[in-house]
Amino acid sequence: SKKPYRWQRVLLKVSGEALAGDRTENIDPKITMAIAREVASVTKLGVEVAIVVGGGNIFRGASRAGCSGLDRSSADYIGMLATVMNAIFLQATMESIGIPTRVQTAFRMSEVAEPYIRRRAVRHLEKGRVVIFAAGTGNPFFTTDTAAALRCAEMSCCSQLQTNSIIHTDIFLPAIMQAVNAEVVLKATNVDGVYDADPRHNPNAHLLETVSYHEVTTRDLSVMDMTSITLCQENNIPVVVFNLQKPGNIAKAIVGEKVGTFIGC
Ligand code: UDP
């Protein structure tokens with residue numbers, strides 16, 4: 001029997017909304033535990049998992065800017081701080097079931113978590129640790145979806161080295177062959193995937209199995225913001241959009257089973 005395709009290194013994007021569950025609290029511990037359990041099941045198989053957490057369950061900069069003199073940049077910094085709260089909660093849950101986890105923040109809060117250092121993040125992943133990237137990109141006017149695309153591209157740091165080294169010497173080849181790139185952004189949301197119309201307003205909306213980057217941007221399929229989707233496109237990073245609330249979906253997405261919508265090409 002053919003072995004199913006398995007991603008080797010993935011970037012899992014967990015939105016803040018997804019963490020809220022039934023919304024009685026900002027963070028539902030049942031959800032963080034469900035995520036932790038599914039991540040544990042795949043790290044056991046050797047898949048390397050990096051996570052970018054959102055903060056929309058606590059604070060969204062764009063919708064709060066303008067209130068009582070709060071400028072957009074300050075609002076966005078509050079939003080980024082919100083993602084750190086989620087990250088620490090998720091880390092605690094993961095470590096409670098024995099998954100070694102590091103949080104790295106895009107701006108320094110070194111009493112609380114490591115600062116983002118790309119090479120160190122890669123090393124953590126190689127050692128089988130889960131790395132949670134918090135504080136988005138560290139810049140206002142961006143989103144955590146863009147942070148997911150950016151970190152995914154950054155974790156694929158070996159592609160340049162590969163071509164250069166093969167030309168110059170064969171000695172590095174064995175090491176290069178083992179190089180692992182973050183291969184995909186897995187976007188965990190509260191919907192089943194990308195639809196051709198808004199399923200909340202249109203009962204005839206269909207879930208799309210695959211969709212191109214071009215369609216996402218031109219048909220305004222509102223799955224990710226333009227900045228994040230074009231960053232994925234420019235770096236040939238496929239995106240899988242799937243429902244986190246269905247048990248087993250995270251593990252399925254991480255091992256590369258068909259789930260939700262695949263965005264690529
Ligand atoms: N944010 C930001 N820069 C980033 C990432 C996030 O300014 O690189 C802020 C922004 O205000 C955003 C908030 O953090 O509204 C929470 O992130 P996001 O809305 O992406 O979270 P999600 O929708 O995934 O819950």
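Data table
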quantity	calculated
Residue count for region 51-72, restricted to those that are within 8 Å of the ligand (Cβ to nearest atom) and of a type in the set (S, T, N, Q)	2
Residues satisfying the stated conditions in region 219-248, i.e. of a type outside the set (Ser, Thr, Tyr) and farther than 21 Å from residue 196 by Cβ	231, 234, 235, 236, 237, 244, 245, 247, 248
Some residue of region 5-14 being within 11 Å of the ligand (Cβ to nearest atom) and either surrounded by 14 or more Cβ atoms within 10 Å (Cβ to Cβ) or in contact (Cβ under 8 Å) with a residue 24 or more places away in the chain (or both)	yes
Per-region count, region 110-138, residues within 13 Å of the ligand (Cβ to nearest atom) and either farther than 30 Å from residue 72 by Cα or without any contact (Cβ under 8 Å) to a residue 40 or more places away in the chain (or both)	2
Matching residues in region 228-244 - criterion: being surrounded by fewer than 16 Cβ atoms within 10 Å (Cβ to Cβ) and on the phi < 0 side of the Ramachandran plot	234, 235
Filter result for residue 85 (under 30 Å from residue 126 (Cβ atoms) and buried (at least 22 other Cβ atoms within 10 Å of the Cβ))	no
Conditions (1) without any contact (Cβ under 8 Å) to a residue 12 or more places away in the chain; (2) within 16 Å of the ligand (Cβ to nearest atom); number of the one not met by residue 105	(1)
Given (1) modelled with pLDDT under 95; (2) in contact with an Asp or Glu (Cβ under 8 Å, 6 or more places away or on another chain), number of the condition residue 140 does not satisfy	(1)
Qualifying position, being crowded, with 20+ Cβ neighbours inside 10 Å and out of contact with any Leu (no Cβ under 6 Å at 6 or more places or on another chain), among 69, 56	56
Residue ID - nearest to residue 250 (Cα to Cα), chosen from residues in region 23-50 that are within 16 Å of the ligand (Cβ to nearest atom) and more than 18 Å from the chain's Cα centre (by Cα)	28
Residue 123 farther than 25 Å from residue 226 by Cα, out of contact with any helix residue (DSSP H, G or I) (no Cβ under 8 Å at 6 or more places or on another chain), assigned to a loop (DSSP other than H, G, I, E, B) and charged (D, E, K, R)	no
Total residues in region 73-102, condition of a type in the set (S, T, N, Q) and within 16 Å of the ligand (Cβ to nearest atom)	4
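The values are calculated or read from the model by the stated rules, or taken from the named source; none is laboratory data. Quick caveat: nothing in here was measured; it's all calculated off a predicted structure. Cβ coordinates were reconstructed from backbone atoms using ideal geometry, including for glycine residues, and neighbour counts include every protein chain displayed.
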